[in-house]
Amino acid sequence: MAKNRTAKALKTILFYAGAIALCAPPLFVFVWMIMTGLKTGVQNISYPPEFIFMPTLENFRAVFEQYNFFHYLMNSLIIATLATAISLVLGLPAAYSIAKYRQGKIGILILIARMTPFVSYLLPWYIIFRYLKLIDSYSALTVTHLIITMPMVIWLMVSFFESMPGELEDAAMIDGCSRWQSFLLIVLPLMRNGIATSAIMAFIFSWNQFLFSLILSGPQTKTVPVAVYNFISYGKIDWAGIGAAATLIVLPVSIFAFFVRKSIVQGLTMGALKD
Amino acid sequence: MANVILKNLVKRFNSVTAVDDLSLEVHDREFAVLVGSSGCGKTTALRMIAGLEPITSGEIFIGDTLVNDMDPKDRDIAMVFQNYALYPHMNVRENLGFGLKIRKFPKAEIDARVQEAADILGIHDLLERKPKELSGGQRQRVALGRAIVRKPKVFLFDEPLSNLDAKLRVAMRAEISKLHRRLGATIIYVTHDQVEAMTMADRIFIMHKGALQQTGVPMEVYAKPANRFVAGFIGSPAMNFIDATLVREADAWYIDAGEFKVKAPAAFNARLEPYAGRQVVFGVRPEDIAAHDPAADARAGNTLTARTDVVQTLGAEIFVYLTCGAHSLVALMEAPEQTLTEGQRLDVDLKMVKTHVFDRETSQTIV
């Protein structure tokens, strides 16, 4: 018995040691980022780094006042929301038909579009959007973000749709539904978790997207990751400003993800097991 | 209400023929049971009637209407599924009313019909619950209810009882039979369970490898199977089959199985004539094997000597697994006064008039 208990305790200790080892590096970076935002410029470049200091919110104020950060936050919000919404509206039916009619080839094609290095899109896109006079427009950024968000939605949702028993739709069709009605009234309500997961993932990926915005945005439509990048100038690097801005960028998605973490975990493990 | 006619119905999945030239007619208000082992095409046939599976060729009529190209929703049918297929996000009331709501029935009419179905099935207390809060039997009732409220021309049942435990299944069998009488509806019921078929059906349609083997009222199918498959499928425990040869002797035809030889009744003679000396399969049901009656006429030639292998007591009856040389037989007989022991010698009489002889090549019934 005693031996058993020791083994169990050892297992628990090893589990938590492993968990900490895995979580520590990203958490350290996270904490470092927040601390940077709370320190003054001088404190940030002092060596050895100070871990105990008087936190200041001055940087956060500066970010909003000097850099018009609120405008960029709104830009990011608009683009990420639009990209997520469009990829749900188009991606859900697409994922459904890939799952339902076994269109694996189309699925792969979509995946290829996602896997192609984004840099290779940039030049043609820049040329096209310049001709269309769409550089520095929400539409250009939203459309380009779809290449990130749409495959996200489709690939997550395919496994959700595949896990749904076909008899439910059969029942709906016999009850009087058309294909569309059964999709809208029966299938989608049952996919709430999956839709929430894919929407959050799509939103986060769009929110964090840097490269497209760097090339295709302008003063009007600059998104937050690009705005932060502009804190780095020839003369100096505003570490405190970057820390504060980065914290502000991460904050909304972190809070959001915290509240829906259950459905994300469920969503990401879905399809692995049929119940 | 309506009859259902299938004409030369074929379903192929790539190279596999699931339903092979199936023609049958289910009469108005009839309880028809499509029975067969799994993979025999019965569910595919049902799904084609429902419109859930495209037809490769052939025609389906419901009433006088050719429904081949009609959507399921326009066929005026209701279906009860094996896994109930209740909508998990709706409560029982919404589940029952969904079909009516989608067809834009007025609210009052929906409420009235849901009430009526709940009355019939005794599920009043469950109306506000979600499917996951129900037991298997309750779910089955709700699934039945969802079909009833629609008042369709034809009810389709796809193995509705196979997920229930044995006791509940027996109860639901009686209930569905009652429901059929009450609704006076045409029902097509698919099952792999021959007991369900025998107990519930007005007529049984037996399928095997995509083709219809025999149609008839339960007792007819039991007493006069069309071929060896039907004979083995209907009846529990299954019929015993023994390879044998037909031989003509002075007074009669004999079925010679090597280890034993039994005399065929005179009534069989005409049918056996063309098979003289041929290889056949002799079939005898377990319930047609009884312990030897010493008072019986010794010239009947229906007695054989066997050895008991396993004896299983059911109560009033016993199963006896017999070996007779290389042949094994199952007998279902009345429990004798003297307990049978395993491995003892036992003489048994066969009820020869109830036995069957099948062509070994074609498997068709000779007699």
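Any read-out appearing in this document is the output of simple, stated calculations on the displayed coordinates, not a laboratory observation. For clarity, every value in this text was computed on a predicted model and none was experimentally measured. All Cβ positions, even for glycine, are placed from backbone atoms using ideal geometry, and neighbour counts span all protein chains on display.
The alpha carbon radius of gyration of the range A:1-56, expressed as a multiple of 2.2 N^0.38 Å, is 1.85. By the Cα gyration tensor, chain B has an equivalent ellipsoid whose semi-axes, rounded to whole angstrom, run 47, 25, 15 from largest to smallest.
Taking the beta-carbon count within 10 Å as an exposure proxy, list B:R113, B:R141, A:R130 from fewest neighbours to most. Let's see the in-between values first.
On the way: B:R113 20, B:R141 23, A:R130 12.
Ordered by Cβ neighbours within 10 Å, fewest first: A:R130, B:R113, B:R141.
Dipole size of chain A about its Cα centre, with +1 on Lys/Arg Cβ and -1 on Asp/Glu Cβ: approximately 600 debye, rounded to the nearest 20.
Extension gain, A:S97 to A:M115: 0.36 nm times the residue separation minus the Cα-Cα distance gives 4.3 nm.
Over the Cα atoms of the range A:36-75, what is the Rg over Rh ratio if Rh follows Kirkwood? Reported Rg/Rh, Kirkwood definition of Rh: 1.11. Which distance in Å, rounded to a whole number, links the C-alpha centroids of the range B:289-326 and the range A:89-129? Rounded to whole Å, the Cα centres lie 73 Å apart.
Beyond 20 Å, how much of the Cα-Cα pair distribution for the range B:151-280 remains, as a whole percent? Mind showing how you got there, number by number?
Working: 4901 of 8385 pairs.
That fraction is 58 percent.
Annotation: extensible slack from A:A19 through A:N230 equals 72.4 nm (criterion: 0.36 nm per residue apart, minus Cα-Cα distance).
Residues A:V226, A:V250, B:V284 in ascending order of nearby Cβ atoms (within 10 Å, fewest first): A:V250, A:V226, B:V284.
For the range B:4-230, DSSP calls about 50 percent of its internal beta bridges antiparallel. Between B:A270 and A:I45, the simple label model (points 7 Å from Cα in the Cβ direction) yields a spacing of 11.7 nm.
Kirkwood's formula applied to the C-alpha pairs of the range B:296-350 gives a hydrodynamic radius of 11.7 angstrom. Each listed q (0.18 Å⁻¹) maps to a log10 I(q)/I(0) for the range B:120-215, found by the Debye formula over equal Cα scatterers with no solvent: -0.90. Across the range A:1-116, Cα-Cα distances exceeding 16 Å account for 80% of all pairs.
Both radii are taken from the alpha-carbon atoms of chain A; with Rh as the Kirkwood radius, Rg/Rh is 1.06. Its Cα gyration tensor gives the range A:63-121 an equivalent ellipsoid; the semi-axes, largest first and in whole Å, are 35, 16, 5. The alpha carbon centroids of the range B:137-207 and the range B:343-367 are separated by 34 Å.
Residues A:Y131, A:Y234 in ascending order of nearby Cβ atoms (within 10 Å, fewest first): A:Y234, A:Y131.
Take every pair of alpha-carbon atoms less than 8 Å apart whose residues are at least six positions apart; their mean separation over the length of chain A yields a relative contact order of 31 percent.
Among the trypsin sites (Lys or Arg not before Pro) in the range A:49-129, those located in a DSSP loop and surrounded by at most 16 other Cβ atoms within 10 Å of their own Cβ are A:R102.
Its residue count N sets the reference 2.2 N^0.38 Å, and the alpha-carbon radius of gyration of the protein assembly as shown equals 1.43 times that reference. Strictly over 24 Å apart at the Cα level, which of B:K42/B:K101; B:K151/B:K178; A:K105/A:K262; B:K101/B:K130; A:K105/B:K209; B:K132/B:K178 would you flag in this model? B:K42/B:K101; A:K105/A:K262; A:K105/B:K209; B:K132/B:K178, as the Cα separations exceed 24 Å there. Annotation: average projected area of the range B:240-359 is 7.3 square nanometres, based on the convex hull of Cα atoms across all directions. Note on chain A: with a GNM built from Cα contacts shorter than 10 Å, the maximum mean-square fluctuation among A:N208, A:N44, A:N193 falls on A:N44.
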